[in-house]
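Trainee: Have a look at this one before I ask anything.
The values are calculated or read from the model by the stated rules, or taken from the named source; none is laboratory data. Since this is a predicted model, take the numbers as computed values, not measurements. Note that each Cβ is placed from the backbone with ideal geometry, even for glycine, and that neighbours are counted across all protein chains shown. Just the protein is used for accessible areas: all its heavy atoms, side chains included, with ligands, DNA and RNA removed. Shrake-Rupley method; radii C 1.70, N 1.55, O 1.52, S 1.80 Å.
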Amino acid sequence: MKQPVQGFSKLTKEEKINWIAEHSFKNPEEGIEILKKYWHTDAEVQKLHDEFIENTISNFLLPIGIAPNFKINDQLYAIPMAIEESSVVAAASKAAKFWIDRGGFKTEIIGTEKIGQVHFMYHGDVEKLKEFFKSVTPLMLENAADITQNMEKRGGGVTGITLKDKTNSIPNYYQLHCAFETLDAMGANFINSCLESFAKTFKAEALNYNSFNETEKDIQIVMSILSNYVPNCLVKAEVSCKVEDLNEDKELTPEEFAEKFVRAVSIAEVEPYRAVTHNKGIMNGIDSVVIATGNDFRAIEAGAHAYAAKNGTYSSLTHAKVENGIFRFWIEIPLALGTVGGLTKLHPMVKVALEMLGHPDAKKLMEITAVAGLAQNFGAVRSLITSGIQKGHMKMHLLNILNQLGATEKEKAYFVNYFKDKTATHSAVVAAFEQLRATS
Ligand code: MEV
């Protein structure tokens, strides 16, 4: 691309595709064909997708799979998971099946508080600012009533506003640190609208506040925005059983398995290099449910990793221990999820995914999602401390290569067996495949 483009957003979809093909593709016709192949055949569905974002040229498909047999608080769930990585759904299903006979998953909502902040600069006497804050808070709430009244009717709303002195970090920097209850909504629009309203009232009223001198009256709002760090929007999910019931593995006794498992988790608790990968595996489960249910996985990722570092060192989101012969394994993770508003209304696939889960409210979705993360981590750690991770991965890898090669179902079955005791590198699979085709 040699020249910047002007007015790109004004082009039609066809013109945008032609432009990108002309400027980026070695073989424009082939590129255009692929882009169009992924257009939805139903014009209405395609229009919906076109309008989700700007400059849409095609769709990016992710598979959605089902991990059945999750027993959560004595209720059964089949969990929809949208993810491109092979083995994730299989691992979740396997973990669900393992725990269904051992009491299933138990969960607890620890909190549902969301946070937003108005960041501002104030030059002057802190005591006067505190007095002003106290006097203006009722008006900030009153002026935001248009935004908050519906949420309040349903039992949510603004649950607290505090003034925070951050001048130790940046001279003259303060915050209005605001807490919200947004019920079944993720609440981003609600929170940001409230914050912008608070900021407006705060700034305007400062100009009329008699105790302030001219400098103090000039409060500068830097920004008003929700925080994706929600340490009090927290859910816990847990599994436990007698150590002797951990009798799945042939290589290790249940006691050895429990000991090795607890050790592997404790390594992730103290060693950031391991913790990041350990938590990445957890997020395989979490993100796939978050995406399937139309929630914002970037927000969830950011909040989860910040929580993992809350004590100053990046650490594991899961924990395990053996006490009095009982193996316990649990996760504590902040999940600001919604089941109303946003994509949940717009995306037909999201509607279906929520229906598969029995139309959960936000709390239930937090519980289900945390369980998916815990199950994923159980599966990953179990593989790592026993057969190793490659065994399962290589089978999926093998199938991916065979699919690319256009193998039939019969050929796939043959090669899964053939590579049971061989390393399925890409070149080895291609060579074996070509040989089979040449001889048949
Ligand atoms: C791969 O996507 C995830 C794992 O690396 C997680 C882990 O190591 O715990 C298998």
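Trainee: Just to verify a result, which residue in segment 71-105, among those that are within 16 Å of the ligand (Cβ to nearest atom) and open to solvent by 40 Å² or more (accessible area, probe 1.4 Å), is farthest from residue 284 (Cα to Cα)?
Mentor: 94
Trainee: I've got another one for you. For segment 71-86, how many residues are assigned to a strand (DSSP E or B) and either over 22 Å from residue 352 (Cβ atoms) or more than 19 Å from the chain's Cα centre (by Cα) (or both)? So that I can check it myself, show each step before the final result.
Mentor: First, pick out the residues of segment 71-86 that are assigned to a strand (DSSP E or B): 71-72, 75-82.
From what is left, the residues that are either over 22 Å from residue 352 (Cβ atoms) or more than 19 Å from the chain's Cα centre (by Cα) (or both) are 71-72, 75-77.
The number of residues fulfilling the criteria is 5.
Trainee: Could you please find all residues in segment 305-342 being of a type in the set (A, V, I, L, M, F, W, C) and open to solvent by 60 Å² or more (accessible area, probe 1.4 Å)? Steps first, please.
Mentor: Of all residues in segment 305-342, those of a type in the set (A, V, I, L, M, F, W, C) come to 306, 308-309, 317, 320, 322, 326-327, 329-331, 333, 335-337, 340.
Those that are of a type in the set (A, V, I, L, M, F, W, C) and open to solvent by 60 Å² or more (accessible area, probe 1.4 Å): 322, 326, 340.
Trainee: Within the group 244, 196, 214, which residue is more than 16 Å from the ligand (Cβ to nearest atom), open to solvent by 70 Å² or more (accessible area, probe 1.4 Å), among the charged types (D, E, K, R) and not assigned by TED's automatic domain parsing to the domain that holds residue 148?
Mentor: Details: 196 fails: not assigned by TED's automatic domain parsing to the domain that holds residue 148; 214 fails: not assigned by TED's automatic domain parsing to the domain that holds residue 148.
One residue alone meets the criteria, 244.
Trainee: So, one more: Could you list, in sequence order, all residues of segment 259-301 that are aromatic (Phe, Trp, Tyr), over 17 Å from the mean Cα position of the chain (by Cα) and either within 9 Å of the ligand (Cβ to nearest atom) or open to solvent by 70 Å² or more (accessible area, probe 1.4 Å) (or both)?
Mentor: 273
Trainee: Next question. Note down all Cβ pairs under 8 Å where the first residue falls in segment 50-70 and is outside any strand (DSSP E or B), the second is among the basic types (Lys, Arg) and surrounded by 17 or more Cβ atoms within 10 Å (Cβ to Cβ), and they're at least six residues apart or on different chains.
Mentor: 55/16; 57/16
Trainee: Let me ask you something else. Could you tell me whether residue 205 is in contact with a helix residue (DSSP H, G or I) (Cβ under 8 Å, 6 or more places away or on another chain) and either acidic (Asp, Glu) or open to solvent by 60 Å² or more (accessible area, probe 1.4 Å) (or both)? Walk me through how you get there before you give the answer.
Mentor: Values: in contact with a helix residue (DSSP H, G or I) (Cβ under 8 Å, 6 or more places away or on another chain): yes; either acidic (Asp, Glu) or open to solvent by 60 Å² or more (accessible area, probe 1.4 Å) (or both): yes.
Yes, satisfied.
Trainee: Are any residues in segment 381-396 of a type in the set (Val, Ile, Thr), part of a helix (DSSP H, G or I) and more than 9 Å from the ligand (Cβ to nearest atom), and if so, which ones? Please lay out each step first, then the result.
Mentor: Step one: list which residues in segment 381-396 are of a type in the set (Val, Ile, Thr), which gives 381, 385-386, 389.
Okay, now just the ones that are also part of a helix (DSSP H, G or I), so 381, 385.
The one that is of a type in the set (Val, Ile, Thr), part of a helix (DSSP H, G or I) and more than 9 Å from the ligand (Cβ to nearest atom): 385.
Trainee: Given (1) free of Cβ contacts under 8 Å to residues at least 24 places away in the same chain; (2) assigned to a helix (DSSP H, G or I), identify the lone condition not met by residue 247.
Mentor: Among (1) free of Cβ contacts under 8 Å to residues at least 24 places away in the same chain; (2) assigned to a helix (DSSP H, G or I), residue 247 violates only (2).
Trainee: While we're here: Answer yes or no as to whether residue 30 is within 30 Å of residue 190 (Cα to Cα), outside the structural domain of residue 338 (by TED's automatic domain parsing) and not small (Gly, Ala, Ser). Give the derivation first.
Mentor: Numbers: within 30 Å of residue 190 (Cα to Cα): no; outside the structural domain of residue 338 (by TED's automatic domain parsing): yes; not small (Gly, Ala, Ser): yes.
Answer is no for this residue.
Trainee: Does any residue in segment 176-192 that is under 9 Å from residue 340 (Cα atoms) come within less than 7 Å, Cβ to Cβ, of a residue that is charged (D, E, K, R) six or more places away or on a different chain, and which pairs are these?
Mentor: 184/361; 186/296
Trainee: State yes or no: is residue 345 open to solvent by 70 Å² or more (accessible area, probe 1.4 Å), farther than 17 Å from residue 229 by Cα and charged (D, E, K, R)?
Mentor: Numbers: open to solvent by 70 Å² or more (accessible area, probe 1.4 Å): yes; farther than 17 Å from residue 229 by Cα: yes; charged (D, E, K, R): yes.
For residue 345, the condition - open to solvent by 70 Å² or more (accessible area, probe 1.4 Å), farther than 17 Å from residue 229 by Cα and charged (D, E, K, R) - is met.
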